[in-house]
Amino acid sequence: MNTLIEKLGTLAMLAMLLTSCSHTTSTQPTNCTDHSIYEGLPFDMPQVERPSFPDYTVNIKDFGAQADGKTLNTQAINKAIREVSAKGGGKVVIPEGLWLTGPIVLLDNVNLYTEKNALVIFTDDFNAYPIIETSFEGLETRRCQSPISARNVENIAITGHGVFDGSGDSWRPVKKGKMTSSQWQSLISSGGVVEKDVWYPTPGSLKGAKACKEFNTPEGIETDEEWNEIRPWLRPVLLNIVKSKKILLEGVTFKNSPAWCLHPLSCEHITINNVKVFNPWYSQNGDALDLESCNYALITNNIFDAGDDAICIKSGKDEDGRKRGEPCQNVIVKNNIVLHGHGGFVVGSEMSGGVKNIYVSDCTFLGTDVGLRFKSTRGRGGVVENIYINRINMIDIPHEALLFDLFYGGKGAGEESEADLAKRMKATIPPVTEETPSFRDIYITNIAATNVGRAMFFNGLPEMPIRNVHIKDVIINNAQKGIVISQGENVTIDNAQVETAGKTLDVKNSKNVKVNGQMYQGE
């Protein structure tokens with residue numbers, strides 16, 4: 001009898017759990033949130049709200065969409081989205097098939113659902129993407145409209161099993177050094193123009209590049225005619241969601257973006273779960289995820305393979321970012337895998353609005369250029385603080401397992417000569433102002449890495465050292481170089497094992513640095 005009662009009790013408990021996670025009103029797109037994600041958080045954070053949708057469904061085929069790979073389905077897909085939103089919300093289904101389309105615009109209360117074997121290809125016709133006022137790389141500028149976008153909406157999702165391909169190879173310049181000889185010859189034989197060992201897909205793309213003095217924001221382009229001429233240079237991010245709330249990306253794959261792949265900007269309550277992002281390793285500005293000036297976000301159970309930074313936290317650049325004044329905050333990054341990227345987890349370099357309350361745990365980096373990467377430079381301003389990182393495993397990191405670089409010059413790790421870096425570091429030391437970036441109160445524990453270029457590198461500013469960094473329980477094997485701490489203050493590294501043939505520790509121009517119980521001043 002007791003056994004029967006115990007079994008009945010177990011069944012009752014299971015039924016309660018299933019009921020709590022079930023879709024009793026057919027409004028939830030996926031299973032309930034794993035509340036254990038919030039256990040042990042080192043800061044207070046409300047749970048991220050997930051969108052829900054009415055039980056109403058349409059199929060894009062009912063609006064004239066055709067899965068032949070050549071019919072442009074822009075009008076049909078957007079018409080379906082508009083109808084569902086106008087009726088109060090629901091699901092827009094993209095069924096199995098090959099779907100060619102132009103820009104898709106998400107609206108309130110719409111779940112764009114892709115069935116298995118649904119492949120959405122965005123047209124490579126530049127003229128299909130209007131030039132709009134937007135923000136890119138932290139600055140207000142003009143770019144082409146993103147293949148997927150939303151602005152000032154609430155309660156939206158992209159879910160299911162399908163693939164969204166941004167046709168990025170038609171947009172991106174490519175550096176010769178990124179390709180094999182045969183790949184390079186094949187690329188230039190396809191057309192385009194070459195200058196200084198960089199291939200550009202069109203002359204307009206080259207003209208746009210020449211108009212950029214720093215990063216990718218053109219200068220001296222005034223008239224609509226001039227902007228239209230450099231349209232191929234105005235590469236959009238694949239997905240751009242701005243000033244929106246309750247956003248879910250789940251189950252789908254995003255690949256081959258013209259620039260950054262996923263870019264939520266000034267949004268609240270974002271869940272990115274079980275998503276795959278693939279950009280070619282040679283893709284210029286091919287970041288996987290740039291979470292910018294957002295509040296309350298879950299980044300969980302994803303796979304990222306990027307041509308630039310993989311999981312990146314940002315908040316605007318220089319005066320534009322400080323004027324916006326929106327920190328990126330209250331973010332959980334957990335159970336993610338990064339296959340390639342300039343950095344596995346990255347903060348900056350555009351962090352002028354501040355970054356705080358970020359928790360990163362249980363992530364794996366396989367061959368990223370840098371593992372944990374913090375970067376900024378003079379002129380940014382902004383404060384990065386209350387960053388907690390725990391249980392990170394990484395292998396085959398050609399540069400630093402952990403890098404703080406406050407002299408970032410806009411290039412990937414290893415792409416800038418040490419002489420150029422040294423030249424910037426020898427510049428006159430300016431006073432501390434609102435343009436001075438500050439990195440402080442960062443806690444890193446349980447890090448394991450094998451086969452790295454340098455174990456750690458702290459490269460702070462003389463006028464603003466990297467402060468209050470606490471690192472504990474670190475094992476780094478087969479490192480070509482050890483730990484270098486320059487311009488650090490109140491840095492503690494405890495229980496660190498670094499295996500290197502070179503010098504294990506070099507402390508200079510630093511104060512109160514304690515490594516494995518021994519104090520170093522490094523004046």
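The values are calculated or read from the model by the stated rules, or taken from the named source; none is laboratory data. Remember, predicted model here, so these are calculated numbers, not experimental data. Glycine also receives a Cβ, built like all others from the backbone with ideal geometry; neighbour counts cover every protein chain displayed. Each accessible area value is taken on the protein alone, full model and side chains, heavy atoms only, with ligands, DNA and RNA left out. Shrake-Rupley method; radii C 1.70, N 1.55, O 1.52, S 1.80 Å.
Computed quantities for the displayed model
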| read-out | value |
| --- | --- |
| Some residue of segment 208-219 being modelled with pLDDT of 95 or more, at positive phi and outside any helix (DSSP H, G or I) | no |
| Members of segment 369-399 that are open to solvent by 10 Å² or more (accessible area, probe 1.4 Å) and aliphatic (A, V, I, L, M) | V383, I395 |
| Residues (surrounded by 18 or more Cβ atoms within 10 Å (Cβ to Cβ) and either closer than 18 Å to A449 by Cα or not acidic (D, E) (or both)) located in segment 405-415 | L406, F407, Y408, A413 |
| Filtered residues of segment 341-396 (kept if under 20 Å from A479 (Cβ atoms) and in contact with a Cys (Cβ under 6 Å, 6 or more places away or on another chain)) | I392 |
| So Y296, is it farther than 18 Å from H161 by Cβ, touching a residue at least 12 places away in the same chain (Cβ under 8 Å), in a strand (DSSP E or B) and not small (G, A, S) | yes |
| Top-ranked residue in segment 328-348 [being in contact (Cβ under 8 Å) with a residue 40 or more places away in the chain and more than 12 Å from the chain's Cα centre (by Cα); ranked as surrounded by the fewest Cβ atoms within 10 Å (Cβ to Cβ)] | K334 |
| Hits in segment 57-75 - residues which are out of contact with any Pro (no Cβ under 9 Å at 6 or more places or on another chain), part of a helix (DSSP H, G or I) and closer than 14 Å to T123 by Cβ | Q75 |
| Segment 320-348, subset out of contact with any Phe, Trp or Tyr (no Cβ under 9 Å at 6 or more places or on another chain) and assigned to a loop (DSSP other than H, G, I, E, B), residue nearest to N285 (Cα to Cα) | H342 |
| In segment 17-34, residue modelled with the lowest pLDDT [restricted to those that are within 25 Å of the chain's Cα centre (by Cα) and loosely packed, with under 14 Cβ neighbours inside 10 Å] | N31 |
| Residue within segment 452-460 that is over 17 Å from Y388 (Cβ atoms), open to solvent by 40 Å² or more (accessible area, probe 1.4 Å), modelled with pLDDT of 95 or more and under 26 Å from the mean Cα position of the chain (by Cα) present | yes |
| Residue in segment 233-243 that is basic (K, R) and either under 24 Å from D197 (Cα atoms) or in a helix (DSSP H, G or I) (or both) present | yes |
| Long-range neighbours under 6 Å by Cβ, at least six apart or interchain, first residue among the acidic types (D, E) within segment 221-234, second assigned to a helix (DSSP H, G or I) | E229/G204 |
| Only one of L402, L366 that is crowded, with 18+ Cβ neighbours inside 10 Å and either modelled with pLDDT under 95 or closer than 25 Å to I303 by Cβ (or both) | L402 |
| Strands (runs of 3 or more DSSP E) fully within segment 377-492 counting 2 or more residues that are of a type in the set (G, A, S) and touching a residue at least 12 places away in the same chain (Cβ under 8 Å) | 438-459, 466-486 |
| Matching residues, segment 289-299, being open to solvent by less than 10 Å² (accessible area, probe 1.4 Å) and under 20 Å from S361 (Cβ atoms) | L289, L291, C294, A297, L298, I299 |
| Any chance G89 is touching a residue at least 24 places away in the same chain (Cβ under 8 Å), under 18 Å from V163 (Cβ atoms) and within 30 Å of the chain's Cα centre (by Cα) | no |
| Single condition I81 does not satisfy, out of (1) touching a Pro at 6+ places or on another chain (Cβ under 7 Å); (2) assigned to a helix (DSSP H, G or I) | (1) |
| The lone exception for I37 - which of (1) among the hydrophobic types (A, V, I, L, M, F, W, C); (2) surrounded by 17 or more Cβ atoms within 10 Å (Cβ to Cβ); (3) at pLDDT 95 or above; (4) within 25 Å of N301 (Cβ to Cβ) it fails | (3) |
| Scope segment 108-141; condition within 30 Å of S315 (Cβ to Cβ), assigned to a strand (DSSP E or B) and out of contact with any helix residue (DSSP H, G or I) (no Cβ under 8 Å at 6 or more places or on another chain); matching residues | N111, F122, I132, E133, T134, F136, T141 |
| Some residue of segment 247-262 being open to solvent by 30 Å² or more (accessible area, probe 1.4 Å), of a type outside the set (K, R), closer than 30 Å to L106 by Cα and part of a strand (DSSP E or B) | no |
| Residues of segment 129-157 classified as modelled with pLDDT of 95 or more, of a type outside the set (V, I, T) and open to solvent by 30 Å² or more (accessible area, probe 1.4 Å), total | 5 |
| Residue in segment 497-509 that is within 28 Å of F43 (Cβ to Cβ), β-branched (V, I, T) and either out of contact with any His (no Cβ under 6 Å at 6 or more places or on another chain) or crowded, with 19+ Cβ neighbours inside 10 Å (or both) present | no |
| Residue that is farthest from G325 (Cα to Cα), among those in segment 349-363 that are open to solvent by 10 Å² or more (accessible area, probe 1.4 Å) and part of a strand (DSSP E or B) | D362 |
